[in-house]
Structure formats: structure tokens, C-alpha cells
């Protein structure tokens with residue numbers, strides 16, 4: 001391979017890297033914009049349920065999730081109750097509870113530690 005061909009290949013590789021860097025920069029700007037918009041809403045009078053709903057949308061968009069559910073601790077501090085959801089039936093709201101230590105939400109509740117799920121198709125907690 002002659003020098004010109006090597007330079008062409010290197011140039012193409014650099015173009016691809018630049019395009020990827022531009023995509024990541026655009027994505028970062030989008031994230032910052034969404035967080036800024038969300039935080040500006042917190043500075044104005046807004047109902048708590050609207051804040052929760054905005055959080056769900058923010059998480060859903062930023063993490064590109066299919067489903068997002070917000071659980072709140074029950075009044076007796078024993079269970080988690082579905083407070084809001086995106087992607088699941090609305091009938092779950094207020095009607096679906098998770099016991100401490102059961103399922104992924106229950107494990108997070110019990111351990112008070114963040115859990116990461118790499119692939120829900122293989123998740124078994």
C-alpha cells in the first residue's frame with residue numbers, strides 16, 4: 001500500500017472519529033439542556049406529582065428506557081408502592097406494591113444501594 005492510500009485510510013478513520021465526537025457532543029448538549037429545563041421547573045411553583053412525572057420523563061429520555069416506574073415508600077415504611085409509570089399500564093399506579101427484598105426494586109429498597117442492570121433480558125433479581 002502506497003503512502004497516498006495509507007493517508008486516505010487514515011483520513012477516513014479520522015472523519016469517522018470526528019463524526020462520532022460530534023454526535024457525542026450533540027448528545028451531551030441535549031442532556032445538559034434537558035437537565036437545565038427540568039431544574040428551572042423546580043424553581044417555580046409546581047405540584048409534587050408533576051415533579052415526579054417530569055423526573056420519569058427525564059430519566060426515560062436520557063437513559064432511552066422503554067419503561068420507567070417510580071416507587072415510593074409506603075406510609076408504614078414496609079413496602080414500595082407504584083406512584084407513577086411510563087410504559088406500563090396506568091392501572092399499576094397505587095395498586096402495585098413491592099415488598100422489601102423482593103425483585104429489583106425491593107432489593108434496592110432493602111440495601112439502600114444503587115443497582116445497575118446491564119441487560120434486562122438476563123436480569124433475574
Exercise. Do we have any residue at all in the stretch 6-29 that's out of contact with any helix residue (DSSP H, G or I) (no Cβ under 8 Å at 6 or more places or on another chain), touching a residue at least 12 places away in the same chain (Cβ under 8 Å) and either in a helix (DSSP H, G or I) or assigned by TED's automatic domain parsing to the domain that holds residue 85 (or both)?
Worked result: no
For this session: Hey, can you tell me all the residues within the stretch 86-121 that are part of a strand (DSSP E or B) and over 13 Å from the mean Cα position of the chain (by Cα)?
Result: 97, 98, 99
For this session: Go through the stretch 40-60 residue by residue and tally those that are more than 21 Å from residue 72 (Cα to Cα) and surrounded by fewer than 10 Cβ atoms within 10 Å (Cβ to Cβ).
Result: 4
Seminar exercise, completed: In the stretch 55-79, anything over 10 Å from the mean Cα position of the chain (by Cα) and closer than 16 Å to residue 93 by Cα is listed as 69, 70, 71, 72, 73, 74, 75, 79
Exercise. Quick one: in the stretch 79-125, which of the residues that are touching a helix residue (DSSP H, G or I) at 6+ places or on another chain (Cβ under 8 Å) and more than 13 Å from residue 69 (Cα to Cα) is surrounded by the most Cβ atoms within 10 Å (Cβ to Cβ)?
Worked result: 100
For this session: Report yes if some residue within the stretch 62-77 is in a helix (DSSP H, G or I), without any contact (Cβ under 8 Å) to a residue 12 or more places away in the chain and closer than 19 Å to residue 117 by Cβ; otherwise report no.
Result: no
For this session: Could you pull out the residue among 59, 71 that is in contact with a strand residue (DSSP E or B) (Cβ under 9 Å, 6 or more places away or on another chain), in the same structural domain as residue 108 (by TED's automatic domain parsing) and modelled with pLDDT under 90?
Result: 59
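The values are calculated or read from the model by the stated rules, or taken from the named source; none is laboratory data. Keep in mind the model is a prediction, meaning the values are calculated, not measured. Positions of Cβ are generated from backbone atoms using ideal geometry, with glycine treated the same way; all protein chains shown enter the neighbour counts.
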